[in-house]
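Read the figures in this text as sums done on the coordinates, not as results from a lab. What you see is a predicted model; the values in this text were computed from it and never measured. Here the Cβ positions follow ideal geometry from the backbone for every residue, glycine too, while neighbour counts run over all protein chains shown.
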Amino acid sequence: MIIEQKFKPVADRFFQLTQEQPFGGAALCIYRNGKPVVDIWAGEQSPGVAWNERTKSVIYSTSKGLLSILSHRLIERGLLDPDELVSTYWPEFAQNGKEKVTVAMILRHRSGLSAVREDMTFEDMQKVIPVEEALARQRPIWEPDTGYLYHAGTIGHLMGKIIFNITGKRINEFLQEELAKPLGVEAFFGAPANLEPEIAQLKSDDLPADPELEFESPLYWNRRAMSYGKAFTGRIDDFVGGYNDPRTHQLEFAGAGGVSNARSVAKIYSAVVVETDGIRLLNDETIEKAISRPNIGLNIFGDPAPHAVHSLGFIVANPAHSPVLSEKTFGHDGLGGQQGFADLNHRIGFSYVTNWIPLAADGMARHRAITSELAKVLKNN
């Protein structure tokens, strides 16, 4: 473990919060100026098995931050233009009211494709291509670019297909080549089966049963965004068809199914904002453009604030919802409290990962408390 002395208050807060969890464990890693200053873990990865430096976990929508980094790598190289039509890269997409959808509309959750209209099965998710084809066929749920709604899973399939058509590489292969292997980290959009013993068991609290959903109501679409119709129909911590299912860990699911650990995600974000082990992933100009186009106001269903504020793929600074070290904080959180972000002003890479997934409470409160301690340390140093 690593705890630089001036960051000890941050580590102490992490250990306190982890001890208070009713289940499981967590890990925290922070890089500053390209070097790790905190790399710690506590609790259990599964009942009776201690969380350790090899433990990985499902990072849910923190996956989207890694997907966004990959997208901006292509933008920086001139291979992808966020303001170009999706059909430029994916000709079959230009049908059924999607002819004018741009890449930026997908990255900003404004494409009208927050959920798949057709019922997908788990087998469809394993094959991936049926999901991509269904998205290419369908009409948008709302008129593109007239508002936004979180693309909980579909952003991964949409951007994954675009990236494949540009590079000829499926999204996990591209992740390994662009981020994981160069930095020597473990991050997967489809974890190898031999790593299963190192993946933490997830546990969520109990929620009341869903009410009967009115067809095409806001709640209908919000639920469908994660269920994909018939692909995920039980609890998120189910061992068959849920996120404790080894088959789920092996899915190419870049929107919400990545598997990684805090050390890896923090190092990736560090390399986004400062040279880390000789690697810089994005330049400052690319980052400034990526965080400069935030969605403003309520989403299309008028859900009450605070909302995460999305720019071109990343969640950007919004003190009411997301961790903020400065106005140049950006990254992406994930269900139940997962977090990965960078800060361009402080040259920070940060990640928090946990297998306790509170759905009835504010799961983000833990990493916000840790980030608050970090902000105090940075202010005084």
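Key figures for this structure:
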item	result
Partners for Lys6 among aspartates and glutamates (Cα-Cα distance below 14 Å; same-chain residues under 8 apart left out)	Asp39, Glu373
Order by protection proxy (mean Cβ within 10 Å, highest first), peptides 25-36, 153-164	153-164, 25-36
Cut-off under 5 Å, modelled amide H: who pairs with Gly25 long-range	Glu44, Asn355, Trp356
Cβ crowding within 10 Å averaged over residues, with 252-258, 193-199 ranked highest first	252-258, 193-199
Relative contact order %, the chain, counting alpha carbon pairs below 8 Å whose residues are six or more apart	25 percent
Ratio of Rg to Rh over segment 182-329 (Cα coordinates, Kirkwood Rh, two decimals)	1.00
Intensity falloff of segment 76-153 expressed as log10 I(q)/I(0), Debye formula with alpha-carbon point scatterers, at q = 0.14, 0.15, 0.27 Å⁻¹	-0.45, -0.52, -1.33
Relative contact order for segment 44-203, counting Cα pairs under 8 Å that sit 6 or more residues apart, in percent	27 percent
Cα convex hull volume per residue for segment 38-194 (Å³)	149 Å³
Volume per residue that the Cα convex hull of segment 256-332 spans, once the total is divided by residue count, Å³	114 Å³
Distance-filtered residues of segment 142-159 - backbone nitrogen under 17 Å, label point 7 angstrom along Lys100 Cα→Cβ	142-148
D (Stokes-Einstein, µm²/s), Kirkwood Cα radius, segment 127-205, 1.002 mPa s at 20 °C	140 µm²/s
Normalised convex hull volume, segment 1-67, alpha-carbon set, Å³ per residue	108 Å³
Inverse mean reciprocal Cα-Cα distance (Kirkwood Rh) of the chain, Å	20.6 Å
Anisotropy class of segment 263-381 from Cα gyration tensor, a/c 1.5 cut	oblate
Computed magnitude of the charge dipole of segment 2-380 (debye, nearest 20; Cβ of K, R +1, Cβ of D, E -1)	840 debye
Cross-link pairs Lys8/Lys35; Lys181/Lys203; Lys203/Lys328; Lys127/Lys289; Lys169/Lys328 - those with Cα-Cα distance over 27 Å	Lys181/Lys203; Lys203/Lys328; Lys127/Lys289; Lys169/Lys328
GluC sites (Glu not before Pro) lying in DSSP loop within segment 84-163, provided at most 16 other Cβ fall within 10 Å	Glu84, Glu99, Glu118
Additional length obtainable on full extension of the chain from Asn345 to Glu4, 0.36 nm per residue less Cα span	120.7 nm
